[in-house]
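For reference, the structure discussed in these notes is given below.
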Amino acid sequence: CDVVVVDSWEGIVNVLRELENNPDLYKTIVVDSLSEMQKLALYYIMSKANPPMDPTVDKAGWDEYAKILEVMRMFTRRAKKLPCNVLMTALLDEEKDKKTGKTMYKPLLTGKFKQEIGALPDEVFYLYVVEQYNEETEQDQMVRVLLTAATDTAVAKDRSGMLPQVIPNPTMEIVYNTMFNK
């Protein structure tokens, strides 16, 4: 298992180029996280402004956010074309609907990209934790749950059509084997 720590947008672009130029290098790539990647892209865009902007002092404006939208679209589409499995995580954002009062759970991304990201990949999952009573131990326990289809409060989808809407205690092996009937 190789780990590449990238702390700049230029580094992200270099890794992506390396993956495109060496298509058989990996079977699976994990990007952790899109939320952090978007920040690095914004800092890069701000540094290239005329005059250059300092993200610790200056506030990004409309132009910077319009550019970041295109940069993130480009990255996601290029990553999707790689001949391997590409997994991307994102931090969680909670938005309260002003009309219904419901809390929506979406990826922590800015602007239109937050709305679009669900349409770009083939699979979009929402991983969360619930407390359940365990009859054997007679205690509450925390259970990880993977949501694979959208609800009125969470973004998710399964284009494979092979996954149940909810998978308790998921592993990558369970998800993969279910999707590919293994």
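The values are calculated or read from the model by the stated rules, or taken from the named source; none is laboratory data. This one's a predicted model, so the numbers in the text were calculated from it and none came from an experiment. In this analysis, Cβ positions are derived from the backbone assuming ideal geometry, glycine residues included, and neighbour counts consider all displayed protein chains. In case anyone asks, the SASA skips ligands and DNA or RNA and just uses the protein heavy atoms, side chains included. Shrake-Rupley method; radii C 1.70, N 1.55, O 1.52, S 1.80 Å.
Where is the GNM fluctuation largest for the chain (alpha-carbon springs, 10 angstrom cutoff): Phe125, Phe75, Phe113?
Highest fluctuation of the listed residues: Phe75.
Using only protein heavy atoms and a 1.4 Å probe, report how much of Lys106 is accessible, in Å² to the nearest 10.
The value for Lys106 is about 30 Å².
Using the Cα centre of region 42-130 as origin and beta-carbon charges of +1 (Lys, Arg) and -1 (Asp, Glu), tell me which of Leu120, Thr76, Thr103 is placed farthest towards the positive end of the dipole.
Positive-end residue among those listed: Leu120.
For the chain, state the average projected area of the convex hull of the C-alpha atoms over all orientations, rounded to one decimal in nm².
So the mean shadow area of the Cα hull is 14.2 nm².
Sort Met37, Met88, Met179 by heavy-atom solvent-accessible area, probe 1.4 angstrom, most to least.
Largest to smallest exposure gives the sequence Met88, Met179, Met37.
Could you give me the radius of gyration and the Dmax of region 88-151, taking only the C-alpha atoms into account and expressing both in angstrom?
Looking at region 88-151, its Cα Rg and Dmax stand at 15.1, 47 Å.
Which values, in whole Å and largest first, are the semi-axes of the equivalent ellipsoid of region 1-76 obtained as the square root of 5 times each eigenvalue of the Cα gyration tensor?
27, 12, 11
Sum -39500 (n - 2.57) across every DSSP H segment of at least 4 residues in the chain, then divide by the residue count to get the 222 nm mean residue ellipticity, nearest 500.
Helices in the chain give a 222 nm mean residue ellipticity of -10000 deg cm²/dmol.
Could you tell me which helices of the chain pass both thresholds, a Cα extent of 24 Å or more along their own axis and a mean Kyte-Doolittle hydropathy of at least -1.0, with helices taken as whole DSSP H runs?
Membrane-span-like by this rule: 62-80.
Can you compute the charge dipole magnitude of the chain about its Cα centre, using +1 on each Lys and Arg Cβ and -1 on each Asp and Glu Cβ, nothing else charged? Give it in debye, rounded to the nearest 20.
Result for the chain is approximately 880 debye, rounded to the nearest 20.
Hey, got the dipole for region 22-64? About the Cα centre, +1 on K and R Cβ, -1 on D and E Cβ, debye to the nearest 20?
The dipole of region 22-64 has a size of about 40 debye.
Which percent of the accessible heavy-atom area of region 1-113 goes to carbon and sulfur, probe 1.4 angstrom?
53 percent
With only Lys, Arg, Asp and Glu charged, each at its Cβ (+1 for the first two, -1 for the last two), find how big the charge dipole of region 69-125 is about the Cα centre; round to the nearest 20 debye.
Here the size comes out at about 180 debye.
Could you please report the charge total around Met162, scoring K, R as +1 and D, E as -1 over all other residues with beta-carbon less than 13 angstrom from its beta-carbon?
Value of the local net charge: 0.
Comparing Val143, Val71, Val57, which has the greatest mean-square fluctuation in the GNM of the chain with Cα pairs linked when under 10 Å apart?
Val57
Given points 7 Å out from each Cα along the Cα-Cβ axis, report the Arg17 to Gln165 separation in nanometres with one decimal.
Reported label-point gap for Arg17 and Gln165 is 4.7 nm.
Among Tyr44, Tyr128, Tyr105, determine the one that fluctuates most according to a GNM of the chain built with springs between C-alpha atoms less than 10 Å apart.
Tyr128
Over region 75-182, what per residue volume does the convex hull of the Cα atoms give, in whole Å³?
Once divided by residue count, the hull of region 75-182 is 132 Å³.
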